[in-house]
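The values are calculated or read from the model by the stated rules, or taken from the named source; none is laboratory data. The model shown is predicted, which means the values in this text are computed figures rather than measured ones. Reconstructed Cβ throughout: ideal geometry from the backbone, glycine too, with neighbour counts over all protein chains shown. All accessible areas refer to the heavy atoms of the entire protein, side chains included, with ligands and DNA or RNA removed. Shrake-Rupley method; radii C 1.70, N 1.55, O 1.52, S 1.80 Å.
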Amino acid sequence: MENITQGTTIKNNEIVNVHTTNPGLNPNATSNETINIREIILKYLSKWYWFVFSVIICIAIAYFYLKITNVQYQIQTTILLRKDQAGSGLIDMSMLEGLGVSGSSKEVEDEIQVLTSKSLMTKVIQSLGVQTEYFTKSGWRYEELYPVTPLKLVVPTMFNDTLKQQLQLFIKRTDKGYSIKFSYGTIKKNYTVIDLNQSIVTPVGLLKFQQIQSIKIGNSFKIFTYPLNQLTESYCSAIKVAAANKKSSAINISTVSSNSKKSEIVLNKLVELYNQDAVLDKNMIASNTASFVDERLKLISIELQDVEMNVESYMKKNSLTDISSEAKLFLESASEYEKKIAELETQLNLVGYIESYVKDNKNQYNLIPANLGIEDKALITLIQDYNQALLERMKLKRTTNDKNPVLTQLEQQLKEIRSNINLSILSIKDGLKIAKTDVLRKENQFNSKIKEVPTQERQFLEIKRQQEIKQKLYLFLLQKREENALSLASTVPSAKTVDSAYTSLEPVAPKRMMIFLLALVFGAAIPIIIIYTKELLNNKITDKKDLLRYIKVPFLGSIALNKESDRIVVREGKTTPIVEMFRLIRTNMNFMLSGTKSPVILITSSISGEGKSFTAINIAMSFALLNKKVILIGLDVRNPMLSEYMHISKADGISLYLSDPSYKPEDIIIPSGFHPFLDVIPAGPIPPNPSELLLSSRLDDLITGLKEQYDYIILDSAPVGIVSDTYLLNRVVDNCIYVTRQNYTPREATSLINEIYKQKRINKLAVILNGTDESLGYGYGYGYGYGYNSGKSQEKKGTDQVMMRINKRFRNK
């Protein structure tokens, strides 16, 4: 019967786990811990009003949020990149290849970077003039006005470029005029004007409003104007650009906004300026080619005119009017060699033109005309690579600064390609010269065999050959000039608008049902988190189960929290639940006492405030109700509370008896005044040497004498966790009741209790949990409903009679 309640476990609706040792709280305590789901649920449900209040507050916040938040829609436009967008805009791809400006299609990702560039967005903002935003108050929220506004902010030129941060103006029409609140960073100003059109002097300069429409009294407006870079950053982050899918050249451009009309205009303008920029890039190639061709035509015209004059002079000088049959036969036989020589001369001239163009420093960052008739494919490829890289540099230079590492890398790449072009030209020229020498050698061999050909005709052929070379080159350049003009006339935008900007039918934000659902979830979660955190941070004993988890000491029972002002709750005829709890403890104590005659019962605790003296008084009263003679001795001589609780004199007491041999026991014994079978020995005045007094043999003699007079001797001692007085009393003690208190006693105190019990430093230790929230004192939680609060004494009388019979049986043993 030593451990009366320890080991009792209710396993209905429980998940059983093995309880491991917690060295921080009680290194010696191990038990089977059970997680009672029903208990956890009931614990949270006991705070149901927290959940109701939290859910109501969260839903109210969600409702207020929806009232002040503007409804937002998704605005989207779709464009399709043209397959020939990287070329010069010609319809005939063979013509593009002839000009040497064709290339692969732009990657979708590259175009996305252009569409999201800050430079392009800056152009959009400047072209639309949206650096200032106007809002009007509608209900609890402000709605943006665009494009029509009842008033307009008039600022000096370049005003927004001087702003460092957002400028806010709040305007309200009153019966006295217009109230204007100025806000710029930490600067706050208030202005009042009669006429809205008059200027006001502010810390950022002179501001003026232009009233476009009449404004009624009570109307409120707010005006935000931004620095250009800040607004550009905001627009770039708000607009999302992404490929429609991986296999398509279509691009979706979208944004979410509460002003759908304004956003549609911004997206359409973004696509428009993007196409304009792309067309400029294409026309730049054609313009550079046109300049090069015109320059070459001027030079070739002069050279062709000189050659033709030479032909005319030679024919006049030699009186040549016709070619003989023999000369015709020679020409027919030698035409193949002449043709080859003409072609080689043409190639040498073209290569020479390209070489002089490349070496000219003023053409360092100009496009190189390619495929003017040059047959070397390697050189054509190098020139096309150079033009493509130069175009990328031009586009990148418009969106970044000179220190960009990508720009530096492109310039290095251009230098390397240009060097390779020079080397390739030298190699081609050497090859052409060798080929020409070989053809000339073969032609000379053939000419030596034709002795009949007159010298004049041979000389004429040489002059005629020069004429043909210049003429072919001149005709070729004329053809390219026409092709380039056609390119300029037929340039099309890079992107085709598949869908102009349109607004979704349903709003995308705020999501009302989702917000209310989140409010409900947060409303339910917040109390759970608070309760869980409170328990997590709590280092106090929370209930009986918590106490039994850590102690290995017999548990006598629980005592409910006393809500009365009177400290003595156990009275004759009183049947409240707390009284029944003391009766249950009294019953359990009788089992522990096992028939000990006149047992000395010590009441102690870990720290002050746990209800030690309260427990001692009411246990003494519960035994007195059995008509047993009980004496209560106040041995907490350092902080005596019995006299105060029982309203008795503090003049005499145990401290005087122990220190003054002249005192006799009857001098300090005082009737309690609450029950005729209960006497009290108060602690008396606080002595200077309490420990030495408690070691006095007079205390032993006093206890021995009291055992002859009383059935129960109850000692109210000092807390063991503070002083050593209690251990000094163990020599005269038969049993000890250790008082703990719910939500007050630290869990660390259970280690001390187990240590005292294990080392047997106090005789027959048992524990009581005080200050619980149980409504009945049986400790089993069943709540039989005996009607303890009815005021009837019949149940009390029967209980006391049963206890008297139990005590009589133990005394007879």
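List of remarks:
- Scanning region 412-456 for residues that are at pLDDT below 80 and buried (at least 17 other Cβ atoms within 10 Å of the Cβ) returns a single hit, V453.
- Residue count, region 167-183 (criterion: under 39 Å from the mean Cα position of the chain (by Cα) and open to solvent by less than 30 Å² (accessible area, probe 1.4 Å)): 6
- Within region 480-501, not a single residue is at pLDDT 90 or above and within 30 Å of A62 (Cα to Cα).
- So K208, is it assigned to a strand (DSSP E or B) and open to solvent by 20 Å² or more (accessible area, probe 1.4 Å): yes
- If you go through region 374-391 and keep only what is open to solvent by 30 Å² or more (accessible area, probe 1.4 Å), of a type outside the set (A, V, I, L, M, F, W, C), touching a helix residue (DSSP H, G or I) at 6+ places or on another chain (Cβ under 6 Å) and not in a loop (DSSP other than H, G, I, E, B), you end up with just D385.
- Any hit, region 340-355, residues being open to solvent by 50 Å² or more (accessible area, probe 1.4 Å), out of contact with any Gly (no Cβ under 9 Å at 6 or more places or on another chain) and among the polar types (S, T, N, Q): no
- Comparison of A290, A278 shows that the only residue that is of a type outside the set (K, R), in contact (Cβ under 8 Å) with a residue 40 or more places away in the chain, open to solvent by less than 30 Å² (accessible area, probe 1.4 Å) and within 23 Å of L81 (Cα to Cα) is A278.
- Matching option when the condition is open to solvent by 80 Å² or more (accessible area, probe 1.4 Å) and touching a Ser or Thr at 6+ places or on another chain (Cβ under 8 Å), among K189, K164: K189
- Pair list, Cβ < 7 Å and 6+ apart or interchain, from region 732-759 residues that are at positive phi to residues that are among the basic types (K, R) and open to solvent by 10 Å² or more (accessible area, probe 1.4 Å): N743/K540
- Single match in S254, S258, S199, S249 (criterion: of a type outside the set (D, E), open to solvent by 40 Å² or more (accessible area, probe 1.4 Å) and within 23 Å of E143 (Cα to Cα)): S258
- Listed by position, the helices (runs of 4 or more DSSP H) contained in region 570-662 that have at least 2 residues being farther than 21 Å from P719 by Cβ and open to solvent by 20 Å² or more (accessible area, probe 1.4 Å) are 577-593, 654-659.
- Residue check, K362 farther than 13 Å from F292 by Cβ, of a type in the set (D, E, K, R) and exposed (fewer than 14 other Cβ atoms within 10 Å of the Cβ): no
- Members of region 501-537 that are part of a loop (DSSP other than H, G, I, E, B) and open to solvent by 40 Å² or more (accessible area, probe 1.4 Å): L505, E506, P507, V508, K511
- Residue match in region 531-543 (condition: out of contact with any Gly (no Cβ under 8 Å at 6 or more places or on another chain) and modelled with pLDDT of 90 or more): no
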